[in-house]
Amino acid sequence: MKASRKDGPRKSIFDESMEAFYRAAEHIKLNPRVRLELEEPDFEHIFYITIETRDRLVPVTKEEEAHFKDLPASSVKAGEALEPLANGQFVLHRRALLKADITLREGVLRIPKRGLFRIEKGGPKKFKAYRIQYNQVRGPYKGGVRYHKDVSLDLFKALAADMTWKTAIADIPFGGAKGGVRIDPSAYSKEELEHVTLRFIYKLKNVIGPYVDIPAPDVNTNPEIMAIMMRQFTDGERMPHAMRGVVTGKDVRIGGSEGRAKATGQGTVYCLEEWARWRGESLAGKRVLVQGFGNVGTASAEILHAMGAKVVGVQDAYGTIVNEKGLDIPALLAHAAEPDNLRRSVEGFTGGSKLSRDDFWKVDAEIAIPAALGGTITGDVAEGLKVQVVAEAANGPTTPDGDRVLRDRKIDLIPDIICNAGGVTVSYYEWLQNLRMEHWSEAEVNNRLERAIKANFGIIHDISTDSPQKTPLYDSRRFVVGKKVDMRTAAMALALRRIENHYLLEGFSQ
Ligand code: NAD
């Protein structure tokens, strides 16, 4: 993400994300040794994985097309053996050549209705991989796995630190971690991504486990990938069933929890419900912008739509769709799930109009939900927002300059470490169910989640407004800092107090 006019020269993502840590540490006078312990990760695992890739059919360039205009079409009978990839290429499985009648010139062939392609040989490929284990004083390391072309040590340190604060805020007995692979998943087949996942867990086997470090889904990973991770970790073990809690976010049919798929979006909505209630309002009729239409964005949009809110704009990596009367979210979900919509994109949806990327955040609405990647609400973007609240469903979506502008403009903020804590909270319920060999109903999961999110969000609100109180749901008296602070600092203050207790009460091993 480029620095905007309002943003000063960018520091590292990690340094930026730690600004709230240092602010809160000052406010609560965090013990100096605890502060040192929390300034850097416990462990940084950086390693490489290799896989074999298949041959590819890569579309030729526009200039090359003229050169091959008289190339006769090839007939590839086993059409299903050409596996389409989201980046426009095809994986060429060898069975595609059985009974095929192929005319090749300079390595190029024409496939009827699909165009001209150059055959590119597959072979071994190497990818950089990471697992950052930030802190485990409150329990096993916990955090998602991201497959993306732009990941780095800097980013994963920031996200692993975030997980440490988030598990403390959610008051679940976990620490923080994050990791993943530097890869563009749109350029690889399902089978190749399976091999990436298998190698990733093969290399991590000694440092993860149900009581050590518990991965979960994040950007471009999903329940299918979690199933592969669980299989690889438990393969050949004597008691594989006792290890199901090694990953969370699994399919409900193999030990996943009811409600986990929508949990992050559901948690965001519980926060928004409280935000509206404090204002004496309801979410019905409120206009909403959602950036990102993956796991978190779809769940947030679907739940808000069902509650009578109007989702007036959705943006993903490939397109932006708006409709001031409110998008038909079930129809948009069906569009994204179409089998030939390989990028699962909102692009091409006919129930709204297209908008340029840069104008998305300027659309009139009351609620903005960034649910894609980090660094999207810069100072400039924040200046143009027309909303009353930014609910950070994504991790780290607001830059420090964006934060300052939101504060100056009195736009409310629901910070990521509570706003998207629903995911890890239900991951904890999944882990508990796995250890106890139980299966809870969706209603039971959501009841617990609602209580947990609303109680902890209530404490953060009380810290922010300096209004200590004991309610039937929670007691915020021991967390307030004696003055009003912004919501991000308040959330961090709650996390640091809960973490500090462990160090101070348990002491340090020397
Ligand atoms: P996902 O891979 O399911 O979806 C990501 C979405 O973001 C896709 O729709 C993609 O097209 C879109 N996107 C990517 N780049 C974009 C860009 N430049 N502009 C607009 N849209 C873009 O990922 P997810 O699991 O929904 O995660 C989304 C965010 O929520 C991430 O920041 C993640 O760390 C955070 N989060 C996820 C969970 C979870 O349970 N999955 C929990 C907590 C936080």
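Throughout, read-outs are computed from the coordinates displayed, never taken from laboratory work. Model, not experiment: these values are computed from the prediction. Heads up, the Cβs are rebuilt from the backbone with ideal geometry, glycines too, and the neighbour counts pull from every protein chain shown.
Here is how the numbers come out for the structure above:
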| quantity | calculated |
| --- | --- |
| J(HN,Hα) series, the range 213-221, from Karplus relation 6.51 cos²θ - 1.76 cosθ + 1.60, nearest Hz, glycine and proline x | 7, 10, x, 8, x, 9, 4, 6, 10 |
| Flagged links, alpha-carbon separation over 27 Å, of Lys166/Lys470; Lys190/Lys250; Lys166/Lys354 | Lys166/Lys354 |
| Gly143 long-range amide H proximity, modeled H, under 5 Å | Ala177, Ile214, Ala216 |
| Distant-in-sequence amide H partners of Thr53 (H built 1.01 Å from N, under 5 Å) | Gly123, Lys125 |
| Computed FRET value (nearest 0.05) for Ser74 with Ser441, which takes r as the C-beta separation and R₀ as 60 Å | 0.65 |
| The range 118-256 shape via C-alpha gyration tensor axes, a/c threshold 1.5 | oblate |
| Karplus 3J(HN,Hα) series, Hz, for the range 120-132 with 6.51 cos²θ - 1.76 cosθ + 1.60 (x for Gly, Pro) | 10, 6, x, x, x, 9, 10, 10, 8, 10, 9, 9, 9 |
| Lys pairs, the range 2-146 - Cα-Cα below 20 angstrom, 8 or more residues apart or on other chains | 6 |
| Cut-off under 5 Å, modelled amide H: who pairs with Trp440 long-range | Glu258 |
| Helix 19-28 vs. the chain, principal-axis angle (Cα, 0 to 90°, nearest 10) | 20 degrees |
| Separation of alpha-carbon centers, the range 168-210 and the range 97-129, rounded to whole Å | 31 Å |
| Ascending count of other beta-carbon atoms within 10 Å, so fewest first, for Val290, Val196, Val481 | Val481, Val196, Val290 |
| Protection-proxy order for peptides 198-208, 293-303, each taking the mean of Cβ atoms within 10 Å per residue, highest first | 293-303, 198-208 |
| The chain, relative contact order [Cα under 8 Å, separation at least 6], % | 15 percent |
| Extension gain, Glu19 back to Lys354 (0.36 nm per residue minus Cα-Cα distance, nm) | 116.9 nm |
| Helix 260-278 vs. the chain, principal-axis angle (Cα, 0 to 90°, nearest 10) | 40 degrees |
